[in-house]
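What follows is a single structure, written as structure tokens, with notes after it.
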Amino acid sequence: MSERVVIVGGTSGIGLATAELLRDRGYRVVVAGRNAERLEAALKVLGEEVEGRTLDASDEGQLTAFFAGVGPFDHLVVTLTARGGVTSLLDLTDAELRRHSEGKLIPQLLTVKAALGTLRADGSVTLVGAVSSQLSAAGLVVLGSSNAGVEAASRILAAELAPRRVNAVSPGVIDTPWWDWVPEEGRDGALTGACAGTPVGRPGRPEEVAHAIAFLVENTYTTGIVLPVDGGARLAS
Ligand SMILES: NC(=O)c1ccc[n+]([C@@H]2O[C@H](COP(=O)([O-])OP(=O)(O)OC[C@H]3O[C@@H](n4cnc5c(N)ncnc54)[C@H](OP(=O)(O)O)[C@@H]3O)[C@@H](O)[C@H]2O)c1
């Protein structure tokens, strides 16, 4: 029987690309997200062999019911996030800080906790941080601190949850619907501008991050790492 992978956030962007790749590699894939229409659209792309469920991972009651409904599985990938979050400290509001933490760091950790009852005892967890954890550009105080939290958590959980393996990927600018908060007319320019001066010099594709996630799912001797997939953005000053 092929291995089973649950992708929370698998209805869009990097999660959706990961679902497609792992489906093509023969995994039985379950994708989850909050929005039923987005889920339906993702399942049209993914085809009948992929299972989909709605889930708000910020709600512990929903998480418990979700994993009870899914049953035993081998690998957990958590790509969920809040969108946006670029602000200087002076413009930062309490509400924005809470929105981002409650949209990424908190539900990622709650998802891992809720999965432990049904995730294989030597299975894997892959979280998604971001290169903002490494950068010092103005405006990244919320994104950087939230993603540093996710990436630190992945290392700590690798020790705490062993023999389950826990890793994270740390993407740079990736062309996904995450960027929908930028007005459409300026979006291409914003993505390209954000990559100016990076070694690879262009936005990444969700498939390029999915490829790294698949490596972390499959490599049974890799745990406690944060794998950059950022076109070298962390090297740019
Ligand atoms: N795109 C980039 O440039 C970039 C750069 C660095 C890091 N990343 C990170 O990469 C990861 C994937 O990002 P992406 O670009 O693929 O974003 P995306 O296209 O916005 O996808 C996010 C997914 O998470 C789901 N989701 C959000 N909140 C959820 C919740 N509470 N419960 C369940 N599902 C939830 C969304 O579906 P619903 O909204 O329907 O729930 C969607 O399927 C994120 O952690 C992001 O921070 C992205």
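What follows is calculated from the coordinates using simple rules that are stated; it is not laboratory data. Everything numeric in this text was worked out from a predicted model, so none of it was measured. Cβ atoms come from the backbone with ideal geometry, glycine included; neighbour counts cover every protein chain shown.
For region 1-33, backbone nitrogen atoms closer than 11 Å to the point 7 Å from Thr54 Cα along Cα-to-C-beta are found at 33.
How many angstrom separate the Cα center of region 95-173 from the Cα center of region 15-47? So the separation of the two Cα centres works out to 21 Å.
Between amide H atoms placed 1.01 Å from N, distances below 5 Å from Thr198 occur with no residue 5 or more places distant or on a separate chain. Near Leu227, the amide H atoms lying under 5 Å from its own belong to Ala168, Val169, Ser170; only residues 5 or more places off or on other chains count, and H is placed 1.01 Å from N.
Annotation: amide H-H contacts under 5 Å for Gly204 (H modelled 1.01 Å from N, sequence separation of 5 or more, or interchain): Val173, Ile174, Asp175. For Thr220 and Lys113, FRET efficiency with R0 = 22 Å and r from the beta-carbon atoms, rounded to 0.05? For R0 = 22 Å, the calculated efficiency reads 0.40. Spin-label model, Leu235 to Arg202: label points 7 Å out along the Cα-to-beta-carbon direction sit 1.8 nm apart. Fully extending the segment from Ser2 to Val45, taken as 0.36 nm per residue of separation minus the present Cα-Cα distance, adds 13.4 nm.
Here each label is just a point 7 Å from Cα along the line to Cβ, and for Arg187 and Leu90 those points are 3.1 nm apart.
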